[in-house]
Amino acid sequence: MRGTLTKSMGWVLSALLLGACSPTELTDEGDAELGAREQGVLYPPPAPPSGNILDATAFMGPLSLGGSVQTQFTTQPQYLSFAFSAAAGAQVKLEVTHLGSSMYLDTGLFVYGPKDASGSYGTTVVAQDDDAGYGQLSKIASLSLPQGGEYLAVVSTGTGVGKRFRLQLNCLNGQCVDPAVYAACDLDVATRIEVCVQALVEEVDPVLGRPHTAAEAFAACTDATDAYHAYVEGCAPSAPKPWCADGLSTFMERMWPVCQAFYRAYYGVGPLELGELPLSSGLQAALTAGNTRCNTGERWCDGVLETYSVPGVASVPWSLDPVADLALYTLLGQDVQYYQFERLPDLTYAELVASNDYWFPELVSALPAALGNGTETPRVAHYYTRIPMAPGANDYHHVYVVLFPQSYRVAAFHFVQHEI
């Protein structure tokens, strides 16, 4: 009986001691369960008098597509902002991730923009979320951005002082990067190809008993396996390339063929080829305006414009000569043999404008903005021929090939003046 009583008293005493000694653990557990059940509070940044939401936040720097940032809140409430850029048509995902974020953190997530010419993101919320992520963390699972530019992501908290978070930005549709990125082969990717080819053409292959030819080396260094490794190297977490955000398949479809085309011509294993580049709506309108002017009253003149892309290596400007004749032949096809054009001295762009400012002023004004990067100097090749059409009447043909050497784009403008 005494043993039984002793055991019972020991059990009661243990229970009392447990209750007395462990209130912290029990309270934390209860709070955690309560926090998981409660709806979080959304803390939007207040609209500042300036009308630029950036002024109501602490700006933390850029956030790259396919990348992440990690920081912590130091006060409450607090609004930390990050800038990111995306091309028109991009579809992105933003998430305050469970990995890298403190336990029981409650956040809000807001997107503003794009930034306008004055540098303002405005105060209109493009998208927002409270608790769609893990626990009370925030997630915008899919956001379509029909307008390209720079946007501002804001992460807020009202109760998270001292807690850290990680914000991740991903591209969902392979259209997040500015298409200009794919105009030329990335310099590091190009260097990888060049080093590979040079090694094969300079060193004796133990199997062949001789160095590789340029064609053999090109084929060995630019296959699908090489493309994959170039992508992996370029997308290393330490410093990913901008095109990484669009994914491997887009790299294979858009960047790698440009690299192959450039080196195919560079090593003489294939001709230089110009890519198709449809006329922009602005250039088409400018061309139409000029032709309308030409054909008002007598049919004084006609203009034909085609635009192309040329494969190249980023930051390595193209020279005009290898592109000019190719653009002329591409524009005229077999008819180039009939015309027998003479190449005249190259023009400055100002001289091109002066030569065409009566019939096609809209066109020569629109070309740099449509095809250039705003800072490069266009190069202009000028071809001319005269074709007798009747006694005392000739057609005077001018072809202007305009190369934008850093944007890797070409315009070929065929202007015909009729003698009546």
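The values are calculated or read from the model by the stated rules, or taken from the named source; none is laboratory data. All of these numbers come straight from a predicted model, not from anything done at the bench. Reconstructed Cβ throughout: ideal geometry from the backbone, glycine too, with neighbour counts over all protein chains shown. Accessible surface areas use protein heavy atoms only, side chains included; no ligands, DNA or RNA. Shrake-Rupley method; radii C 1.70, N 1.55, O 1.52, S 1.80 Å.
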Do any strands (runs of 3 or more DSSP E) lying entirely in region 85-167 carry at least 1 residues that are within 17 Å of ALA58 (Cβ to Cβ) and open to solvent by less than 10 Å² (accessible area, probe 1.4 Å), and which ones are they? 90-96, 108-112, 149-157
Taking region 300-328 as the search range and keeping residues that are of a type in the set (D, E, K, R) and open to solvent by 60 Å² or more (accessible area, probe 1.4 Å), which one is nearest to the chain's Cα centre (by Cα)? GLU306
Give all pairs with beta carbons closer than 8 Å in which a residue from region 311-322 that is at positive phi meets a residue that is open to solvent by 10 Å² or more (accessible area, probe 1.4 Å); count only pairs at least 6 apart in sequence or on separate chains. SER315/LEU187; SER315/GLN406
Pairs please, first residue from region 359-375 and under 21 Å from THR292 (Cβ atoms) and of a type in the set (S, T, N, Q), second anywhere and modelled with pLDDT of 95 or more and part of a helix (DSSP H, G or I), Cβ atoms under 9 Å, 6+ apart in sequence or on different chains. SER365/ALA286; SER365/VAL353
Got a number for residues in region 239-269 being buried (at least 21 other Cβ atoms within 10 Å of the Cβ), small (Gly, Ala, Ser) and under 14 Å from VAL310 (Cα atoms)? 1
Qualifying residue in region 401-416 (condition: surrounded by fewer than 18 Cβ atoms within 10 Å (Cβ to Cβ), under 25 Å from ASP335 (Cβ atoms) and either acidic (Asp, Glu) or touching a residue at least 12 places away in the same chain (Cβ under 8 Å) (or both)): yes
So, SER365, is that one closer than 23 Å to ALA180 by Cβ and part of a helix (DSSP H, G or I) or not? yes
Any residue in region 68-83 that is in a strand (DSSP E or B) sitting within a Cβ distance under 7 Å of a residue that is of a type in the set (Ser, Thr, Tyr) and open to solvent by less than 30 Å² (accessible area, probe 1.4 Å)? List the pairs, counting only those 6 or more apart or interchain. GLN78/SER156; GLN78/THR157; TYR79/THR57; TYR79/SER156; LEU80/THR57; SER81/THR57
Taking region 168-201, which residues are in a loop (DSSP other than H, G, I, E, B), within 25 Å of PHE404 (Cα to Cα) and of a type outside the set (D, E, K, R)? GLN175, CYS176, VAL177, ALA184
Selection within region 67-92 - more than 17 Å from TYR121 (Cβ to Cβ) and among the hydroxyl-bearing types (Ser, Thr, Tyr): SER68, THR71, THR74, THR75
Tell me which residues, restricted to region 48-67, are surrounded by 12 or more Cβ atoms within 10 Å (Cβ to Cβ) and at pLDDT 95 or above. PRO48, GLY51, ASN52, ILE53, LEU54, ASP55, ALA56, THR57, ALA58, PHE59, MET60
What's the total number of residues in region 270-298 that are within 19 Å of TRP318 (Cβ to Cβ) and surrounded by 14 or more Cβ atoms within 10 Å (Cβ to Cβ)? 6
Are any of the residues in region 220-238 touching a Pro at 6+ places or on another chain (Cβ under 7 Å), surrounded by fewer than 19 Cβ atoms within 10 Å (Cβ to Cβ) and part of a loop (DSSP other than H, G, I, E, B)? no
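Of all residues in region 329-358 being within 18 Å of PRO278 (Cα to Cα) and free of Cβ contacts under 8 Å to residues at least 40 places away in the same chain, which is surrounded by the fewest Cβ atoms within 10 Å (Cβ to Cβ)?
Of region 329-358, the ones within 18 Å of PRO278 (Cα to Cα) are 329-333.
Within this subset, residues satisfying the condition of being free of Cβ contacts under 8 Å to residues at least 40 places away in the same chain are 329, 333.
On the way: TYR329: 15, GLY333: 8.
So, considering only residues that are within 18 Å of PRO278 (Cα to Cα) and free of Cβ contacts under 8 Å to residues at least 40 places away in the same chain, the one surrounded by the fewest Cβ atoms within 10 Å (Cβ to Cβ) is GLY333.
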Please go through region 240-277 and pick out each residue that is assigned to a loop (DSSP other than H, G, I, E, B), within 23 Å of the chain's Cα centre (by Cα) and modelled with pLDDT under 95. PRO240, LYS241, GLY247
